[in-house]
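Asks: The structure under discussion is supplied below as structure tokens; questions concerning it will follow.
The values are calculated or read from the model by the stated rules, or taken from the named source; none is laboratory data. This one's a predicted model, so the numbers in the text were calculated from it and none came from an experiment. We place every Cβ from the backbone using ideal geometry, glycine too, and count neighbours over all the protein chains shown.
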Amino acid sequence: MTIRKNILIIMLFIATLLALFINKLTTPRTLSTNELLINGLFLFEQPKPISDFTFYSENNEEFTKSDLLGKWTLLYFGFTRCPDECPTTMYQISKLINVLDEKDFPLDNKQWVLISIDPERDSSSDISKYAKGFNDRFIGVVNSRAMLINVATQLSVNNVMPNKDDMEHSHLDNHVNNIILMDPNGNFAGVFRPPFDISRLSLTYQSVTQ
């Protein structure tokens, strides 16, 4: 009985160590501010509040600042006719969602939003379909140029009013290719800067939002 008891104790001890080891491997590590920066995420010491806004998704459903509350939100500013940067970045974000799914990372309080910077040509239906083409969880939204500039300016995303004679829409060529991080209080928390690599994006995102 003593031998069996000792063997049982040893097996329980090994099982406990193994469980702790697996937990350490699967639990995201909290990175320092400097480590986050090195891996592409600039995080503000104090998140910045932004003013109320209204955008529209498919079926003209409103998306407002209140929809940010209680959730970590990634905002990306792009447009459906974007030739390369937008689809590349959207694809990286979709890969992030897939990685998080595979790791069973909690996503109930997470969301991903694409805001059109081409409201003159992107309808709410257009931007919604485009966004969901990368992942069904994406929310695509749009509103007037005035609303867009108001929000984009607060989030340090360069955006300009197109000239009336700008038929080629060249004003869209120099849009900032950052991914914006909003915290569950609806505040501007930080910026993911390109180039985007899924390993770094996953590492920093999980560290901040776990």
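Asks: Go through segment 35-55 and give me each residue that's closer than 10 Å to F192 by Cβ and part of a loop (DSSP other than H, G, I, E, B).
Replies: N39, G40
Asks: Every residue in segment 137-162 that is over 20 Å from D52 (Cα atoms) and either within 14 Å of the chain's Cα centre (by Cα) or not assigned by TED's automatic domain parsing to the domain that holds P184 (or both), please.
Replies: R137, F138
Asks: Which condition from (1) surrounded by fewer than 22 Cβ atoms within 10 Å (Cβ to Cβ); (2) acidic (D, E); (3) over 17 Å from the mean Cα position of the chain (by Cα) is the one that D122 breaks?
Replies: (1)
Asks: Collect the residues in segment 118-133 that are in a loop (DSSP other than H, G, I, E, B), under 22 Å from W72 (Cα atoms) and either of a type in the set (F, W, Y) or touching a residue at least 12 places away in the same chain (Cβ under 8 Å) (or both), keeping them in residue-number order. Let's see the steps before the verdict.
Replies: Quick first cut of segment 118-133, residues in a loop (DSSP other than H, G, I, E, B) only: 118-123, 133.
With under 22 Å from W72 (Cα atoms) added as a condition, the list becomes 133.
Passing the criteria: none in range.
Asks: Looking for something closer than 24 Å to D183 by Cα, modelled with pLDDT of 95 or more, assigned to a helix (DSSP H, G or I) and of a type in the set (A, V, I, L, M, F, W, C) - is there at least one such residue anywhere in segment 87-94?
Replies: Yes, segment 87-94 contains at least one residue that is closer than 24 Å to D183 by Cα, modelled with pLDDT of 95 or more, assigned to a helix (DSSP H, G or I) and of a type in the set (A, V, I, L, M, F, W, C).
Asks: Among the residues of segment 63-105, write down those that are among the acidic types (D, E) and surrounded by fewer than 13 Cβ atoms within 10 Å (Cβ to Cβ). Don't jump to the end; show me each part of the working.
Replies: From segment 63-105, those among the acidic types (D, E) are 67, 84-85, 101-102, 104; that's our starting set.
Answer for segment 63-105, where residues must be among the acidic types (D, E) and surrounded by fewer than 13 Cβ atoms within 10 Å (Cβ to Cβ): D84, D101, E102, D104.
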